[in-house]
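Have a look at the structure below before the remarks.
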Amino acid sequence: QVQLVESGGGLVQPGGSLRLSCAASGRDFRSNPMGWYRQAPGKQRELVALITGGGSTNYADSVKGRFTISRDNAKNMVYLQMNSLKPEDTAVYYCNVDRWGTKYWGQGTQVTVSS
């Protein structure tokens with residue numbers, strides 16, 4: 001059974017940093033793209049960052065230069081380092097893996113940026 005478990009969310013002041021982690025289990029995902037999405041209240045879920053099995057990355061324009069996605073294939077982990085956080089980054093952040101066309105999601109972790 002595939003399971004994705006996010007951690008690392010919380011409350012942070014504007015300008016602060018957080019590191020999200022996602023532990024994937026149930027399959028070997030080293031060849032599959034993994035990503036982070038977020039959903040703010042009243043808004044659609046949007047892609048934040050994506051990393052392929054080979055390590056190529058892609059970011060939403062709104063987070064470029066501030067967020068960094070990485071992965072550890074040996075541990076089936078994906079991370080999101082978030083720096084210079086802004087109030088508009090407040091959302092529930094979801095881990096995702098696309099395994100040959102089947103998408104798996106974690107339960108989400110809340111990130112709140114507020115003074």
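The values are calculated or read from the model by the stated rules, or taken from the named source; none is laboratory data. Just so it is clear, the model here is predicted, and its values are computed rather than measured. When we count neighbours, we look across all protein chains shown, and the Cβ atoms used for this are built from the backbone with ideal geometry, even at glycine. Each accessible area value is taken on the protein alone, full model and side chains, heavy atoms only, with ligands, DNA and RNA left out. Shrake-Rupley method; radii C 1.70, N 1.55, O 1.52, S 1.80 Å.
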Original post:
When the stretch 1-50 is examined, which residues are found to be farther than 15 Å from residue 91 by Cα and of a type in the set (Phe, Trp, Tyr)?
Top reply: 29
Original post:
For the stretch 41-56, how many residues meet the condition of being open to solvent by less than 50 Å² (accessible area, probe 1.4 Å) and either in contact with a helix residue (DSSP H, G or I) (Cβ under 8 Å, 6 or more places away or on another chain) or small (Gly, Ala, Ser) (or both)?
Top reply: 3
